[in-house]
Amino acid sequence: MPLLEAQHLYKVFGRRPGDIVRRLEQGEDAGELRKRYDVTPAVIDASFEVNEGEIFVVMGLSGSGKSTLIRMLNGLHQPTSGHVKILGEDISTMSAAQLRQARRDHISMVFQHFALFPHRTVAENAAYGLQVKGVSEAERREKALEALKLVGLDGWGDHKPGELSGGMQQRVGLARALAADTDILLMDEAFSALDPLIRRDMQDQLIELQNQLGKTIVFITHDLNEAMRLGDRIAMMRDGRIVQVGTAEEILTDPANDYVAQFVADVDRTRVLTARSIMEPPVATLGMGHGPLAAHKLMREHQQPGLYVVGRDRGLQGYVMEEDIVAARGGGETIADLVKPIETTVPADAPAAELFTPAASVRLPLPVVDPDGKLVGVIPRVTLLAALGAVDPTDPADPVGTPDNSTVELDKTTGGAR
Amino acid sequence: MSTVVPRIHLGEWIADVVNWLTDHWSGFFDGVASIVNHLVDGIQHVLMNTPIVLLIVIFALLALWARGWKAAVLAAVGFCLIDAFGEFPSAMQTLAQIIVASVLAIVIAIPVGILAARNRRASAVIKPVLDFMQTLPAYVYLLPVLFLIGLGSAGAVLATIIFSIPPGVRLTELGIRQVDGEMVEAGQAFGATPKEVLRGIQIPLAMPSIMAGVNQVIMLALSMVVVAGIVGAPGLGQDVLSSLQSLDVGVGVEAGLSVVILAIFLDRVTDGFSKREVGLRSEIDKLRRRQARAAAATDAA
Ligand SMILES: Nc1ncnc2c1ncn2[C@@H]1O[C@H](COP(=O)(O)OP(=O)(O)OP(=O)(O)O)[C@@H](O)[C@H]1O
Ligand SMILES: [Mg+2]
């Protein structure tokens, strides 16, 4: 069961919102309705599930309805239509008291502008959720200090929030949510108000905390790079609608529409894409038992200057170049005598940024191996460039694609995302 | 005198209402009057029976606590001056009335302000009533009050309350409405009840504004001193009035100056107390500035 579920959520601001939802359901254009009835359809038919332990990022430009959406998840906004389920329970059927209890136990929030209470100390701020829960003063202070320590604010408990820098204040905001010890954390542009360096720090810290605590996080951002860094899955939002949900790689390599494609066009792909998402299956491989003639024929067939040699278990054992076979012609050697040892491999989860150097140092497509040393794919140099958006490998006029003639003809249909 | 538009006998209707009230609610109003009188008398009794020197020391200490030694010296000099004018007893009578009127006004104003802040409809009703209370010349409701309550301190105190409540309500409402919506959401998001949000977040954060309201209430109460004298409440107001009747400029000036000194003292002390929330106010300011900077940074990015 998903921890958090949104089912066909709508939120319309303005008069007669129910009517507007009906019209939207019948397929009327949101922009048209907005103009004609002076209403704001802020969220339109949003559905998704958030699984335990994942960071689910909602990404969209300003005004696309992200805040409205996240505020429906904990009931701060009542959906005009649709349902939110927390641990399988529909919050629209809850009484006010039940909803409060759900917020205390299951779902807390970190705010864009921190929303710390200036009249309370840092520790009292962090303890707020526990205070609301009715935890005793001594215990909640202890837990608050623990949470502060977790976010790197050891020793700041008795200061007032105003004495802290922006980055530290947001750490308090995070500690407040962590101390409440809920299953789900909602973070509405939690890092947007921080300057870029601190922001990176906070992102790293969040990922680390996530690994440590295994919280389920819904993270809102308008920054695609942030979305890609943090998100296990990303929901792309536009004008109130979720246009695509998928992993960072899926969104980069297989955008659902032009809007998403344009959006991701200038993302720093080298940090998001990994060897796995770029690699292709090798066009052909050799076994140790192959004879030189058969090997040569295979190379010609696939127009490869050489091929990799794998064992029965697909363990990578070496490579053979066409020129060596030609040179050894007439001798009765088997492939095993011609095999050269592998010097360079890359792991499947290597970020694309780290593939350039190895790719330049090998004559064959870069071999990608899993932790057991099995060959799982190869990355031709041109594919690497193409994946990073530099070139289109099928474009014959492309100047970068042409020199590497050993691979341009490769069948592309099987390449791409995993 | 004939009128172009048919004569509307509003005055008579109101007189009827007042008559009806005096007939049927006299018990209630007598009760109110007697409670107020007792309060005023009690405080007056304490003030009049404490040695003047001791009182001056206490006032100076209050000023010291609220604002610092300069204010303390000023308070001491001021009250010595009042004594030198021979107005000290009158000043204490006035002070007693003002304390009772202000406290009651504040006790009424703050809850009403909170209600107005939390309920749009209540606010829509309360606002025009406040405007009415503030703009209607005090002399107009003086008479009905006199009819219902009678001459003396109680009538004066009630008239003063009516006149001085509005800023207390307004600034309470404003203060609560101005609390950052995200703070309130933060409370709600962690599962706080509306009451917990009000008590733990909205009221503390609205405190500077509420205290400014308290200060305003007291100042307005002081501005009613002469009207209080007209209603027959003893004190500085009556001294001013009698100086008018006997054309005694000297007494008038002395009583008037005493009012001014009392006003300055009360203003500084209550303002000082509201600045005791200085810690809070500056915390809020600091946060605001940070956020503004952060917002500027995001815009730039
Ligand atoms: N309480 C409200 N009443 C009326 N309209 C609202 C309200 N809240 C939001 N909106 C409108 O709904 C739309 C979506 O707003 P929302 O705040 O959800 O966007 P967002 O994606 O969070 O944007 P941002 O990145 O600026 O925070 C906007 O057009 C906004 O003006
Ligand atoms: Mg937003």
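One residue alone among B:Gln178, B:Gln245, B:Gln216 is within 14 Å of another protein chain (Cβ to nearest Cβ) and either touching a residue at least 24 places away in the same chain (Cβ under 8 Å) or surrounded by fewer than 24 Cβ atoms within 10 Å (Cβ to Cβ) (or both), and that residue is B:Gln178.
Scanning segment A:235-254 for residues that are under 30 Å from A:Ala179 (Cβ atoms), assigned to a loop (DSSP other than H, G, I, E, B) and away from ligand 2 (no atom under 16 Å from the Cβ) turns up nothing.
Among the residues of segment A:69-81, count how many are open to solvent by 20 Å² or more (accessible area, probe 1.4 Å) and within 16 Å of ligand 2 (Cβ to nearest atom). Count: 3. Regarding segment A:195-218, can at least one residue be identified that is within 14 Å of chain B (Cβ to nearest Cβ), open to solvent by 50 Å² or more (accessible area, probe 1.4 Å), over 30 Å from A:Gly31 (Cβ atoms) and outside any helix (DSSP H, G or I)? Checked against the condition, which is being within 14 Å of chain B (Cβ to nearest Cβ), open to solvent by 50 Å² or more (accessible area, probe 1.4 Å), over 30 Å from A:Gly31 (Cβ atoms) and outside any helix (DSSP H, G or I), segment A:195-218 yields at least one hit. Only one of the numbered conditions (1) in contact with an Asp or Glu (Cβ under 9 Å, 6 or more places away or on another chain); (2) touching a residue at least 40 places away in the same chain (Cβ under 8 Å) is not met by A:Thr285, and that is (1). A single entry from A:Asp188, A:Asp181 fulfils the requirement of being among the acidic types (Asp, Glu), closer than 25 Å to A:Asp105 by Cβ, within 12 Å of chain B (Cβ to nearest Cβ) and open to solvent by less than 60 Å² (accessible area, probe 1.4 Å): A:Asp188.
Taken over segment A:82-127, the criterion of being surrounded by fewer than 20 Cβ atoms within 10 Å (Cβ to Cβ) and touching a residue at least 60 places away in the same chain (Cβ under 8 Å) is satisfied by A:Gly82, A:His83, A:Lys85, A:Leu87, A:Gly88, A:Asp105.
Please give the number of the condition A:Phe191 fails out of (1) part of a loop (DSSP other than H, G, I, E, B); (2) touching a Lys or Arg at 6+ places or on another chain (Cβ under 8 Å); (3) modelled with pLDDT under 90; (4) more than 16 Å from ligand 2 (Cβ to nearest atom). It is condition (4) that A:Phe191 fails. Just so you know, in segment A:358-379 the residues that are in a helix (DSSP H, G or I) and under 16 Å from A:Leu273 (Cβ atoms) include one that is least open to solvent (accessible area, probe 1.4 Å), and it is A:Ala359. Residues in segment B:116-129 that are surrounded by fewer than 16 Cβ atoms within 10 Å (Cβ to Cβ) and touching a helix residue (DSSP H, G or I) at 6+ places or on another chain (Cβ under 6 Å): 1 in all. Taken together, the residues in segment B:1-53 that are within 30 Å of B:Ala84 (Cβ to Cβ), surrounded by 10 or more Cβ atoms within 10 Å (Cβ to Cβ) and not polar (S, T, N, Q) amount to 11. Contact annotation: residue pairs with Cβ atoms under 6 Å, 6 or more positions apart or on different chains, pairing a residue in segment B:116-133 that is farther than 23 Å from B:Ile203 by Cα with a partner that is buried (at least 17 other Cβ atoms within 10 Å of the Cβ) and of a type in the set (A, V, I, L, M, F, W, C), are B:Met133/B:Ile162.
Inside segment B:219-241, residues that are open to solvent by less than 40 Å² (accessible area, probe 1.4 Å), of a type in the set (A, V, I, L, M) and more than 30 Å from B:Ile176 (Cα to Cα) make up a count of 8. Among the conditions (1) open to solvent by 10 Å² or more (accessible area, probe 1.4 Å); (2) out of contact with any Lys or Arg (no Cβ under 8 Å at 6 or more places or on another chain); (3) more than 16 Å from ligand 1 (Cβ to nearest atom), A:Val132 misses just one, which is (2).
A quick yes/no check of all residues on (1) in contact (Cβ under 8 Å) with a residue 40 or more places away in the chain; (2) within 14 Å of another protein chain (Cβ to nearest Cβ):
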{"residue": "B:Leu205", "(1), (2)": "yes, yes"}
{"residue": "B:Leu220", "(1), (2)": "yes, no"}
{"residue": "B:Met224", "(1), (2)": "yes, no"}
{"residue": "B:Ile230", "(1), (2)": "yes, no"}
{"residue": "B:Gly252", "(1), (2)": "no, no"}
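The values are calculated or read from the model by the stated rules, or taken from the named source; none is laboratory data. Since this is a predicted model, take the numbers as computed values, not measurements. All Cβ positions, glycine included, derive from the backbone under ideal geometry; neighbour counts span all protein chains shown. For accessibility, only protein heavy atoms count, side chains too; no ligands or nucleic acids. Shrake-Rupley method; radii C 1.70, N 1.55, O 1.52, S 1.80 Å.
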